[in-house]
1. What tally of residues in the stretch 173-200 results from selecting those that are part of a helix (DSSP H, G or I), out of contact with any helix residue (DSSP H, G or I) (no Cβ under 7 Å at 6 or more places or on another chain) and without any contact (Cβ under 8 Å) to a residue 40 or more places away in the chain?
2. Going through 319, 334 one at a time, which residue ends up being surrounded by 16 or more Cβ atoms within 10 Å (Cβ to Cβ) and modelled with pLDDT of 95 or more?
3. Out of 370, 402, which single residue is buried (at least 18 other Cβ atoms within 10 Å of the Cβ) and within 38 Å of the chain's Cα centre (by Cα)?
4. As an exercise: evaluate residue 187 against (1) more than 18 Å from the chain's Cα centre (by Cα); (2) modelled with pLDDT of 95 or more and give the number of the one condition it does not meet.
5. If we only count helices (runs of 4 or more DSSP H) wholly inside the stretch 392-458, which ones have 1 or more residues that are touching a strand residue (DSSP E or B) at 6+ places or on another chain (Cβ under 8 Å), under 22 Å from residue 184 (Cα atoms) and at pLDDT 90 or above?
6. Looking at the structure I just gave you, is residue 203 without any contact (Cβ under 8 Å) to a residue 60 or more places away in the chain, over 26 Å from residue 348 (Cα atoms), assigned to a loop (DSSP other than H, G, I, E, B) and not assigned by TED's automatic domain parsing to the domain that holds residue 61?
7. Determine the pairs where a residue that is on the phi > 0 side of the Ramachandran plot, located within the stretch 401-427, has a partner that is part of a loop (DSSP other than H, G, I, E, B) with Cβ atoms under 8 Å apart, the partner being 6 or more residues away or on another chain.
8. Cβ contacts < 6 Å: first residue without any contact (Cβ under 8 Å) to a residue 40 or more places away in the chain, restricted to the stretch 280-294; second residue part of a helix (DSSP H, G or I) and surrounded by 22 or more Cβ atoms within 10 Å (Cβ to Cβ), any location; separation 6+ or different chain. Result?
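The values are calculated or read from the model by the stated rules, or taken from the named source; none is laboratory data. Computed from a predicted model, the values in this text were never measured in an experiment. Every residue, glycine among them, receives a Cβ derived from its backbone with ideal geometry; neighbour counts consider all protein chains shown.
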């Protein structure tokens, strides 16, 4: 059955729009103009656009600029945008006009259509977009969407990963293993200490994200076209932020300077940098897990990650570290997204940034990817891995580096001689030390106790 169309018109003339579409001419022009990626605006950003429109309608009513019936109709329609009920009517590609004007008008048109009823007409520009410009709506929607995604998804996920690491560290606090620097054997540590280092990375990442939220919760809404606030009531910005706070539970406030808020995306760039740092931490943890799991015969083989799926189409019995591998790919994507956001952030000319949609897409993707990956890493890798005690103890007992603990007593030179002899003859350090120094066996056993070495200090 062939698709039916209706005729819509805007200031540029008439064009055909799908009969069932809630959007109108300006959205259709954007659909026609940007058949580029097939990737639409993220759900979180569409939700945020709906929330901004509700907050603006409420504020305009409170300020006496919009009558009660219009405000209520806009809010009712916008709630459908917020809930995701009409996402199929937001078809515009992320690679569109750099201000996000097409998506703002898409939102205005959908809400206008839903809110209108017979002779009761809600105009997309005069009513839904009252006191607003795409130039302040879309950057505000970026901030709102990112803040909500961080509060609702990322912070709980990172907190879960941190707790899982802490729980595992406590479980393994007495398991002594060989430390490694430069991928070479080094002084002993406990697995609890190793996982404690990972946990602190995630804790610090969580702190960094939370500290940057302060700037992201400042909105440029009220700056309108260029930052002067033309066509917006002087109290509009404060009221919109108050309404958004009421709608979301997140404390929003107007930007101190609307010119900065429209022309720059520094807060988004800052948050992207924090997300990149979290990605770097998670990649480090994932790669350490891959090394520790390697083998199991010809690698390090200190731990065994949960066996989740067959690892090879040709080698029976092979099991791969699939979760850490997936997480490292997520991290690579987030690091790449940060580069895109960095370029986007510096692409402001005078009073407007012209890469807003691609900033929005990459920022939201990074938040959601990290949130999902953090939970997967916690639940399907960290929580369930087991320790190969035999492999750990075998390597630990033969480690010539243990002689380091003797340095304060016998000196570096004799310590080096003992280590080299033990390595060359493949003998335990204790046996060689008994032959080459004057310390008793009891003294040597005390000094060469790997568990004691993990506690630091001298002797």
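1. From the stretch 173-200, those part of a helix (DSSP H, G or I) are 191-200; that's our starting set.
Those still in the list that are out of contact with any helix residue (DSSP H, G or I) (no Cβ under 7 Å at 6 or more places or on another chain) too: 191, 193-194, 197, 200.
Still in the running and without any contact (Cβ under 8 Å) to a residue 40 or more places away in the chain: 197, 200.
Qualifying residue count for the region: 2.
2. Numbers: 319 fails: modelled with pLDDT of 95 or more.
Just one listed residue meets the conditions, 334.
3. Details: 402 fails: within 38 Å of the chain's Cα centre (by Cα).
Every option except 370 fails the conditions.
4. The failed condition is (2).
5. Working: elements: 407-410, 412-425, 429-436, 441-447, 450-453.
By residue number, 450-453.
6. Values: without any contact (Cβ under 8 Å) to a residue 60 or more places away in the chain: yes; over 26 Å from residue 348 (Cα atoms): yes; assigned to a loop (DSSP other than H, G, I, E, B): no; not assigned by TED's automatic domain parsing to the domain that holds residue 61: yes.
In short, no.
7. 426/398
8. Once the first residue is without any contact (Cβ under 8 Å) to a residue 40 or more places away in the chain and sits in the stretch 280-294, its partners that are part of a helix (DSSP H, G or I) and surrounded by 22 or more Cβ atoms within 10 Å (Cβ to Cβ) give 290/324.
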